[in-house]
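Read the structure below first, then the notes.
Quick note: the coordinates plus some simple rules give every number you see, no bench work behind them. Note that the coordinates shown come from a computational prediction; the quantities given were computed from them, not determined experimentally. Here the Cβ is made from the backbone with ideal geometry for all residues, glycine too, and neighbour counts use every protein chain on show.
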């Protein structure tokens, strides 16, 4: 099924989703940075005590699972829709899958970032 959607409504939704992502990313980065600093301190202390037995496993895991920034992905779609709007287009045709991605923020890259970022935002009890 094809749906006709106002471009301004899609832009409003994408901007709201982007704002939520930025808030989540900021919190995740704060917690991640604290954990990296703590892991670096443990590594330093281990190196001072017995360098042969020091392990960077914790630090490696943190760098493997650092918070994911999807601002560029959102910007790509926002930019395309703004260009269409500025060219005089007021509506666009989408299908159910496009609707799910755009209006439910159900992109594959967004689901992945929510999973990774939640490992840090769930630990952030200050906010």
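Ranked by the mean number of other Cβ atoms within 10 Å of their residues, highest first, the peptides 23-29, 64-70, 85-91 fall in the order 23-29, 64-70, 85-91. Every helix of 4 or more DSSP H residues in the chain counts as -39500 (n - 2.57), and over all residues that averages to -24000 deg cm²/dmol at 222 nm. How tilted is helix 7-50 with respect to the longest principal axis of the chain? Cα atoms for both, answer in degrees (0 to 90, nearest 10). It is inclined by approximately 10 degrees.
Would you order 60, 113 from fewest to most other beta-carbon atoms within 10 Å of each residue's own beta-carbon? Let's see the in-between values first.
Working: 60 11, 113 20.
By the 10 Å Cβ count, ascending, the order reads 60, 113.
For a test of the definition: using alpha carbon positions, the gyration tensor, and the 1.5 limit on a/c, classify the chain as rounded, prolate or oblate. If you can, show how the numbers build up before the last one.
Values: a/c = 3.58, a/b = 3.39, b/c = 1.06.
Prolate.
For region 13-78, taking the reciprocal of the average inverse distance between every pair of different Cα atoms yields a Kirkwood hydrodynamic radius of 13.8 Å. Taking label positions 7 Å along the Cα-Cβ direction at both residue 26 and residue 82, the computed distance is 1.9 nm, reported to one decimal.
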